[in-house]
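K.L.:
Okay, handing you the structure first.
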Amino acid sequence: QVQLVESGGGLVQPGGSLRLSCAASGKAFSRYTMSWHRQAPGKERELVAVISSADDSTNYADSVKGRFTISRDNAKNTVYLQMNSLKPEDTAVYYCHARWYGTYWGQGTQVTVSS
């Protein structure tokens, strides 16, 4: 069983930056494919970024390419999402997800981009 706890959300002005963190409990964190998803009001949850367990390769949604960076620190059991040049349309609840012989979600953290 894996528990995921997100942090780092908040209110930021357009053009600003935030870094989200997701701390995972349990063992074998390095074997999990980790990803960030988001869900805006009235919309479906969408994949934002993913980082593999094998070689730390990454993939991003087209809407965030060049602005967001996903990374992981296996020694700290933590995955990060660095978000730069934030736009109002990035406003959503951001969820951390882990997958390896099971799938696990965090509780989410709110990101609001507004002036």
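The values are calculated or read from the model by the stated rules, or taken from the named source; none is laboratory data. On a predicted model such as this, the values are computed, not experimentally measured, just so you know. Note that each Cβ is placed from the backbone with ideal geometry, even for glycine, and that neighbours are counted across all protein chains shown. Each accessible area value is taken on the protein alone, full model and side chains, heavy atoms only, with ligands, DNA and RNA left out. Shrake-Rupley method; radii C 1.70, N 1.55, O 1.52, S 1.80 Å.
K.L.:
Which residues, counting only those in region 7-62, are under 14 Å from Gly108 (Cα atoms) and polar (S, T, N, Q)?
P.N.:
Scanning region 7-62 gives Ser7, Ser21, Ser35, Gln39.
K.L.:
Considering only region 1-13, state which residues are part of a loop (DSSP other than H, G, I, E, B), open to solvent by less than 40 Å² (accessible area, probe 1.4 Å) and of a type outside the set (Val, Ile, Thr).
P.N.:
Within region 1-13, Gly8, Gly9 meet the criteria.
K.L.:
Ok, one more. List the residue pairs whose Cβ atoms are under 9 Å apart, where the first residue sits in region 44-69 and is over 12 Å from Met83 (Cβ atoms) and free of Cβ contacts under 8 Å to residues at least 40 places away in the same chain, the second is among the β-branched types (Val, Ile, Thr) and open to solvent by 60 Å² or more (accessible area, probe 1.4 Å), and the two are 6 or more positions apart or on different chains.
P.N.:
From region 44-69, the pairs are Thr58/Thr69.
K.L.:
Something else about it: Could you tell me which of the residues Thr78, Thr103, Thr33, Thr69 is of a type in the set (Val, Ile, Thr) and in contact with a helix residue (DSSP H, G or I) (Cβ under 9 Å, 6 or more places away or on another chain)?
P.N.:
From the options Thr78, Thr103, Thr33, Thr69, the qualifying one is Thr78.
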